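Working notes for the structure below.
Rule-based calculations on the coordinates, nothing more; no lab input. This is a predicted model, so every value here is computed, not measured. Cβ placement follows ideal geometry from the backbone for every residue including glycine, while neighbour counts extend to all protein chains displayed.
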Amino acid sequence: TLAFFSTKYLLNKKILITAGPTEEPIDPVRVITNKSSGKMGYAIAEAAFNAGASVYMVSGPTQLATPYGVTTEFVNTAREMYQAVMKQVYDSDIFISVAAVADWYVSNYSDQKQKKQHQDGLKLEFAPNPDILAEVAALDNGPWCVGFAAETENLSDYAQAKRKRKNVPLLVGNLAQNVMNADETTMILFDEHGEEPLPTTSKTLAAQYLIQAIAKRLPSIK
Ligand code: CTP
Ligand code: CA
């Protein structure tokens, strides 16, 4: 909206955002990924830039054009995303963790292509990836953190619990089956005071609402 563009809600703030899915390789030609399109993270990066922020985005693989004015670094795996975030994190005022980060990587990765004559089917083994948001939220003098939670059930309970577990002041919840790869979203904001639903709308407009919600909650002294 016009008011959004004329009010520089995040003037001179440095924003670090993760966006999109991650890809965890099985072998040189196969990956495990998820259904995140990156649309929400890219829309937030664009809204933050339009709100006067300088924006650094660490993105998994997407089909999207990089938003104007946003410095974008591409990564594939969750571990690469973690490294890229940690490089940038002490130069950031706000961290917005929108990426759908794989919870595990394939620990029995094969550096040659797996052949199909595995008799009993192929067995994959998994090891946990770093929880990027939780690690950033635990830093001394780290940025103010915003998390996301895409749940398929019990949204209110799961999202509020997740916010507390990761120790972040603001967490955005939504129903995964409605928003993954969609153009619209219904965000519910969870903070220490409870929950506040935002209207169902385009990801572009929802991103502007979220920037306003963040600006309103920022501590005045960092
Ligand atoms: N996240 C992250 N690094 C991970 C996993 C998640 O930074 N390895 C971030 C996501 O970007 C999101 C938030 O943590 O902002 C919540 O992610 P989600 O997958 O919903 O939560 P998990 O803690 O992984 O729990 P689960 O998948 O079991 O629901
Ligand atoms: Ca997860």
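Results, tabulated for the structure shown:
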{"quantity": "Count of segment 186-222 residues which are touching a residue at least 24 places away in the same chain (Cβ under 8 Å) and within 16 Å of residue 97 (Cβ to Cβ)", "calculated": "9"}
{"quantity": "Of all residues making up segment 173-214, the number that are within 16 Å of residue 9 (Cα to Cα) and over 18 Å from the mean Cα position of the chain (by Cα)", "calculated": "0"}
{"quantity": "Residue that is within 15 Å of ligand 2 (Cβ to nearest atom) and more than 26 Å from residue 26 (Cα to Cα), where the choices are 95, 126, 148", "calculated": "148"}
{"quantity": "Total residues in segment 1-50, condition among the aliphatic types (A, V, I, L, M) and touching a Pro at 6+ places or on another chain (Cβ under 6 Å)", "calculated": "2"}
{"quantity": "When residues of segment 16-40 are limited to those that are on the phi < 0 side of the Ramachandran plot, of a type in the set (Gly, Ala, Ser) and in contact with a Ser or Thr (Cβ under 7 Å, 6 or more places away or on another chain), the one surrounded by the most Cβ atoms within 10 Å (Cβ to Cβ)", "calculated": "19"}
{"quantity": "Residue tally, condition over 19 Å from residue 81 (Cβ atoms) and either small (Gly, Ala, Ser) or free of Cβ contacts under 8 Å to residues at least 40 places away in the same chain (or both), over segment 123-161", "calculated": "14"}
{"quantity": "Criterion violated by residue 80 - all others in (1) within 21 Å of residue 28 (Cα to Cα); (2) within 16 Å of ligand 2 (Cβ to nearest atom) satisfied", "calculated": "(2)"}
{"quantity": "Selection from segment 117-174 of residues that are buried (at least 19 other Cβ atoms within 10 Å of the Cβ) and either aromatic (Phe, Trp, Tyr) or more than 23 Å from residue 187 (Cα to Cα) (or both)", "calculated": "144, 148"}
{"quantity": "Exclusive hit being touching a residue at least 24 places away in the same chain (Cβ under 8 Å), more than 16 Å from ligand 2 (Cβ to nearest atom) and of a type outside the set (Lys, Arg), set 74, 5", "calculated": "5"}
